[in-house]
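Asker: Quick one: the structure is below, questions incoming.
The values are calculated or read from the model by the stated rules, or taken from the named source; none is laboratory data. Bear in mind the structure is a predicted one, so any value in this text is a computation, not a measurement. All Cβ positions, even for glycine, are placed from backbone atoms using ideal geometry, and neighbour counts span all protein chains on display.
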Amino acid sequence: MGLTIAQKILAAHLIDGAMAPGAEIGIRIDQTLTQDSTGTMAYLQFEAIGIPRVRTELSVAYVDHNTIQSGFENADDHKYLQTVAAKHGIRYSRPGNGICHQVHLERFGVPGKTLLGSDSHTPTCGGLGMLAIGAGGLDVAVAMGGGPYYVATPRILRVVLTGRLRPWVSAKDVILEVLRRLTVKGGVGRILEYAGEGVATLSVPERATIANMGAELGATTSIFPSDAATAAFLAAQGRPQDFVPLAADADAVYDESISIDLSALAPLAAMPHSPDAVEAVDAIGPVKVDQVCIGSCTNSSLLDMKKVAAVLRGRTVHPDVSLTVSPGSRQVLAMMAADGTLADLVKAGARILESACGPCIGMGQSPRTDAVSLRTFNRNFEGRSGTASAKVYLVSPETAAASAVAGVLTDPRTLGAAPVVALPDRFDADDAMVVPPAADPDSVEVVRGPNIKPFPRGAALPSEVRGRALVKLGDNITTDHIMPSNAKLLPYRSNVPYLAGFCLTPCDPEFPARARTNGGGFIVGGGNYGQGSSREHAALAPLELGIKGVLALSFARIHMANLINSGILPLAFADPADYAALDPMDELAVDDAPAQVRAAARGEDVVVRNATKGTAMRMKLPISGRQAAMLLAGGLLNLTRGAV
């Protein structure tokens with residue numbers, strides 16, 4: 001029996017375990033990436049492990065999130081990142097060089113390699129044929145130290161693409177269609193592997209857009225073949241030597257399969273407030289638009305920018321619309337300036353922002369009260385824009401540009417003939433803004449600003465885990481809810497004690513105070529708890545507040561791993577009726593917790609006693625023996641330090 005692309009890469013990198021659906025395996029990681037929002041914590045953890053030099057083939061530290069320097073905090077973090085990277089063998093991509101996923105795709109991604117990134121959209125490089133996975137910073141720190149990355153062997157979902165996209169329909173519409181079909185929970189435990197003759201019609205930047213937003217499905221990653229389009233892209237980047245052909249075997253067996261006819265797709269939009277609330281643009285109708293934001297790691301390639309410029313050329317942005325454009329990298333911005341694309345955007349009235357994440361993470365450009373904002377981004381969670389009452393739609397660059405001119409949500413097909421835009425034969429490749437590590441690490445002093453505080457450490461699991469149910473939440477609680485990410489809080493990513501004061505405040509403003517008053521306790525959530533970002537702050541802030549466990553109907557993959565990494569019990573209700581019956585401030589207890597955790601690794605349920613109601617709830621804790629040891633030790637760092 002043949003292998004899929006993902007299975008080939010997993011098998012070639014297998015260090016521990018055997019590949020069987022759901023079984024835990026450890027794989028070797030070739031490359032890592034971090035960004036500044038998660039990177040400071042990842043490197044503090046790497047330093048705590050005590051290994052002097054990274055053991056990966058390539059590790060890159062990017063600065064693309066916290067770039068607004070309204071105080072000393074962000075600049076101090078940047079200096080820490082630059083010096084810690086120089087000392088430990090990591091390349092440092094300076095502020096202004098671009099968004100980590102766009103730059104990594106352009107300059108460092110290699111087909112057939114593994115990439116682990118402390119950002120949930122690391123799967124972007126799956127557009128190149130990499131096995132690229134988003135994870136928490138501690139997992140990345142361990143991988144930089146040469147340790148394997150552990151993951152439950154994913155099921156492989158084959159997405160067969162047939163036909164060709166019609167004019168005005170884009171790669172963004174493809175992934176929105178996948179989200180419409182599968183929902184934000186549909187990728188959990190799966191790798192999406194794209195196949196079919198339609199793949200050959202898509203360029204690498206288009207494939208990267210699709211792979212990027214696979215994160216919104218909850219998928220482990222998404223991957224495309226490495227073929228002629230891949231070879232052409234790498235050659236144009238001046239990296240022909242990095243091309244490796246990669247395809248599934250003809251007799252490969254997939255766990256599941258869906259098919260999408262590209263020629264049948266129309267322009268789509270994800271409506272407020274979820275990436276899977278997808279409808280056709282023409283069916284939604286001419287909603288009045290206040291703001292349009294184009295860019296982010298999903299849609300900021302040169303191809304996207306040229307498409308937008310072609311729509312705006314000779315037109316002017318509607319007077320009621322604020323249009324911002326964020327080029328994805330310094331390479332993209334330089335080429336836009338050289339070929340006139342930038343001038344077209346400026347003349348049309350676009351506001352050109354830095355090559356960074358910017359509005360996507362709430363770092364500036366928050367819309368007005370009750371505004372409608374169209375964005376080419378990947379997430380439209382409520383309040384993520386920085387304005388709680390804003391209504392954010394996710395659309396393609398073509399739809400965004402057409403709507404910016406019209407002042408209402410507009411199907412770009414109404415503009416007539418679509419412009420023909422092609423990738424260049426040669427990109428302006430310039431890595432001058434990537435600083436190599438120091439030749440003499442001992443000469444480097446790591447600079448730590450006053451905002452960089454020690455991160456919380458888990459303690460060994462006590463014999464009894466006891467506390468109150470401090471809050472009861474509904475379904476699809478995101479990491480933005482658990483640990484808000486905005487322009488006011490992002491500068492404190494190195495200061496978990498400060499951030500903990502904002503934990504879960506979008507859901508319950510009194511939660512941090514209640515947690516501290518009660519000496520910690522439990523969080524109760526609904527389905528898909530922890531969806532969204534890979535930020536481990538959504539586990540570290542609860543740890544700082546003394547949270548001992550989270551009881552939920554189900555968990556998002558990365559957040560569940562981050563909870564375990566922090567020594568927090570992620571317990572899933574075996575009977576949904578127990579969730580319904582549980583009330584806030586009920587006193588809960590896990591008796592003989594170490595023995596129950598060991599038993600959970602053998603497939604047994606964990607019993608949580610509700611002392612208030614005099615009842616017992618059976619909970620699922622689907623962990624491996626390694627994860628049980630991690631929980632017993634009080635987290636991955638404690639376990640890893642004991643092994644180094």
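Yes or no, residue by residue, for (1) closer than 24 Å to TYR254 by Cβ; (2) crowded, with 24+ Cβ neighbours inside 10 Å; (3) touching a Cys at 6+ places or on another chain (Cβ under 7 Å):
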{"site": "SER118", "(1), (2), (3)": "no, yes, no"}
{"site": "THR122", "(1), (2), (3)": "yes, yes, no"}
{"site": "VAL142", "(1), (2), (3)": "no, yes, no"}
{"site": "ALA171", "(1), (2), (3)": "yes, yes, no"}
{"site": "VAL174", "(1), (2), (3)": "yes, yes, no"}
{"site": "GLU197", "(1), (2), (3)": "yes, no, no"}
{"site": "THR201", "(1), (2), (3)": "yes, no, no"}
{"site": "THR209", "(1), (2), (3)": "yes, yes, no"}
{"site": "LEU217", "(1), (2), (3)": "yes, yes, no"}
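Asker: Pairs please, first residue from the range 235-249 and touching a residue at least 24 places away in the same chain (Cβ under 8 Å), second anywhere and among the charged types (D, E, K, R) and in a helix (DSSP H, G or I), Cβ atoms under 6 Å, 6+ apart in sequence or on different chains.
Answerer: Matching pairs, first to second residue: GLN237/GLU106.
Asker: Counting only residues that are more than 22 Å from GLY127 (Cβ to Cβ), part of a loop (DSSP other than H, G, I, E, B) and in contact (Cβ under 8 Å) with a residue 40 or more places away in the chain, how many does the range 299-318 have?
Answerer: The qualifying residues number 4.
Asker: Against the conditions (1) more than 21 Å from ASP64 (Cα to Cα); (2) free of Cβ contacts under 8 Å to residues at least 60 places away in the same chain; (3) of a type in the set (A, V, I, L, M, F, W, C), where does LEU409 fall short? Just the number, please.
Answerer: For LEU409, the failing item is (2).
Asker: Follow-up question, since we're still on this one. Restricting attention to the range 415-424, does a residue exist that is outside any loop (DSSP other than H, G, I, E, B), modelled with pLDDT of 95 or more and closer than 30 Å to GLY238 by Cβ? Even if it seems obvious, please write down each step before you answer.
Answerer: Step one: filter the range 415-424 for residues outside any loop (DSSP other than H, G, I, E, B), giving 415.
When the remaining residues are screened for being modelled with pLDDT of 95 or more, the result is 415.
Still in the running and closer than 30 Å to GLY238 by Cβ: none.
No.
Asker: Take the range 408-430 and flag every residue that is of a type in the set (D, E, K, R) and more than 18 Å from VAL103 (Cβ to Cβ).
Answerer: ASP411, ARG413, ASP425 - these are the residues of the range 408-430 that are of a type in the set (D, E, K, R) and more than 18 Å from VAL103 (Cβ to Cβ).
Asker: In addition: Only one of PRO497, PRO484 is over 30 Å from LEU165 (Cβ atoms) and not in a loop (DSSP other than H, G, I, E, B). Can you tell me which?
Answerer: Details: PRO484 fails: not in a loop (DSSP other than H, G, I, E, B).
From the options PRO497, PRO484, the qualifying one is PRO497.
Asker: Here is a further query. Find the residue count for the range 541-578, including only residues that are among the β-branched types (Val, Ile, Thr) and modelled with pLDDT under 95.
Answerer: Of the residues in the range 541-578, the ones among the β-branched types (Val, Ile, Thr) are 547, 550, 558, 564, 568.
Checking the rest, the ones that are also modelled with pLDDT under 95 come to 558.
Residues meeting the conditions: 1.
Asker: Still on this model: Name the residue that is farthest from LEU33 (Cα to Cα), counting only residues in the range 525-539 that are touching a Leu at 6+ places or on another chain (Cβ under 7 Å) and surrounded by 24 or more Cβ atoms within 10 Å (Cβ to Cβ).
Answerer: GLY525
Asker: Of the numbered conditions (1) at pLDDT 95 or above; (2) of a type in the set (Ser, Thr, Tyr); (3) not in a strand (DSSP E or B), SER120 fails exactly one; give the number of that condition.
Answerer: Result: SER120 fails condition (1) only.
Asker: Another question, if that's okay. List, please: which pairs have Cβ atoms under 7 Å, are six or more places apart or on different chains, and start with a residue in the range 156-168 that is surrounded by fewer than 19 Cβ atoms within 10 Å (Cβ to Cβ) and polar (S, T, N, Q) and end with one that is at pLDDT 95 or above and in a loop (DSSP other than H, G, I, E, B)?
Answerer: THR162/GLY196
Here's the yes/no breakdown for (1) at pLDDT 95 or above; (2) in contact with a helix residue (DSSP H, G or I) (Cβ under 7 Å, 6 or more places away or on another chain); (3) closer than 16 Å to ARG155 by Cα; (4) not assigned by TED's automatic domain parsing to the domain that holds HIS88:
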| position | (1), (2), (3), (4) |
| --- | --- |
| ALA12 | yes, no, no, no |
| ASP16 | yes, no, no, no |
| GLY22 | no, no, yes, no |
| LEU33 | yes, yes, no, no |
| THR38 | no, yes, no, no |
| ARG53 | yes, yes, no, no |
